[in-house]
1. Search the structure for amide H atoms under 5 Å from the amide H of Y132, placed 1.01 Å from N in the peptide plane, and list their residues when 5 or more places away or on another chain.
2. Kindly state, to the nearest 0.05, the FRET efficiency for F79 paired with D252, given R0 = 45 Å and r defined as their beta-carbon distance.
3. Along Cα→Cβ, 7 Å out, is where each label goes; now give me the distance between the ones at Q114 and S211 in nm to one decimal.
4. Per residue of the range 245-252, what does 6.51 cos²θ - 1.76 cosθ + 1.60 with θ = phi - 60° give for ³J(HN,Hα)? Whole Hz please, x for Gly and Pro, Karplus curve as stated.
5. Per 5 Å bin, what is the whole-percent P(r) computed from every C-alpha pair distance within the range 22-264?
6. What is the fewest-to-most order of I266, I166 by other Cβ atoms lying within 10 Å of their Cβ?
7. Long-range amide H contacts for L25: which residues qualify at under 5 Å (H placed 1.01 Å from N, peptide plane, sequence gap of 5 or more or a different chain)?
8. Starting from the Cα of F294, step 7 Å toward the Cβ, then list every residue of the range 269-288 with an amide N under 12 Å from that point.
Amino acid sequence: MKSLFLETPMPVSARKIGYADVLLLHGSCFTEHIGNRLQQARFQALTNLFGTVFNPVVQCEQLLRAANEAYFGPDDLLFRDDQWLSWMHHSKFSATEPEMLLRQLNQQLEETRQFLQNATVLVLTFGTARSYWHLERDQMVANCHKMPAAQFKTGFSSPEAIAQSIFRLEQKLRAINPKLNILFTVSPVRYHSQDPLENSVGKGNIFAALSLVREQLNPFWYFPAYEIVTDQLRDYRFFADDLKHPSENAVDYVWQQFKNWALQPIEAVALAEQLQQRKAHRPLNPQSKSHQQFELETEALERRWEALIKSSS
């Protein structure tokens, strides 16, 4: 019988990610799902210091600001619903006083800069080329914060603009940290409201941009998260209730693919996940013999994990 399962061709991974690596993940909410799993597997990973962001041009601009130490000032803020917010951040960054918010944003920017100087892997997950250009500021923003539509010109970042932003970021990062490797991926989350073409154009411009980047970056490192979800998991059972975001099962499936494709030593990763589950266990009776045996087994697994890490370094 002909197979009803379409395998996604996996590109050759430019390198493996090990426990000596330091990872910075930046992009959409899908980035946070994978970042959380990396942290649970005990990798040194920091995720979305600007909050979730979807447009590749804005993502590159955020990281460039950090690399160039371009600190935020009062002009970068807006006031809505008794809260101060930033045009370049997710709405989770807010404060009742502008000075308070600026301290938070600039501390975060400095943390990002320091991390970029020491990281070995930067994972960029692009969501959509949909853009919001603030007319008064004459600048693309990361978040419209539900401000009046008349303040913005909406559209799509072109493949050429996206590619140029990536090249500028790559050149700057290579200058401050030659050992940093960039891994690209595209979020499988769908972005559309009333326009049926919105998601297709938003994703299409990203893929066209990455094709331009691939011609000039060697090695070009790409993980097909979007393709795995849309090709292999083309069933709405693998999506959340909004039918746009992948479900936990789908994220777990992509994580398994990513783990086998990129991480090493794979036995240590599996052990780390097992230890995470064991440490989350809450015994009914901590003094029982069964729980004491459980603790001894956990300690043995810890020693085995440490030995695996030591032997692989």
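1. Sorted by chain and number, the residues that satisfy this are V141.
2. 0.65
3. The modelled label-to-label distance comes out at 4.3 nm.
4. With coefficients 6.51, -1.76 and 1.60, one gets 8, x, 6, 4, 4, 5, 4, 4 Hz.
5. Pair shares across the bins are 1, 6, 13, 18, 19, 18, 13, 8, 3, 0.
6. Ascending Cβ contact count within 10 Å gives the list I266, I166.
7. Placed amide hydrogens put L46, T47, N48, V123 under 5 Å from L25.
8. Output list for this probe position: 277-288.
Quick note: the coordinates plus some simple rules give every number you see, no bench work behind them. Because the structure is a prediction, the values reported are computed rather than measured. As a convention, Cβ positions derive from the backbone with ideal geometry for all residues, glycine included, and neighbour counts pool all protein chains shown.
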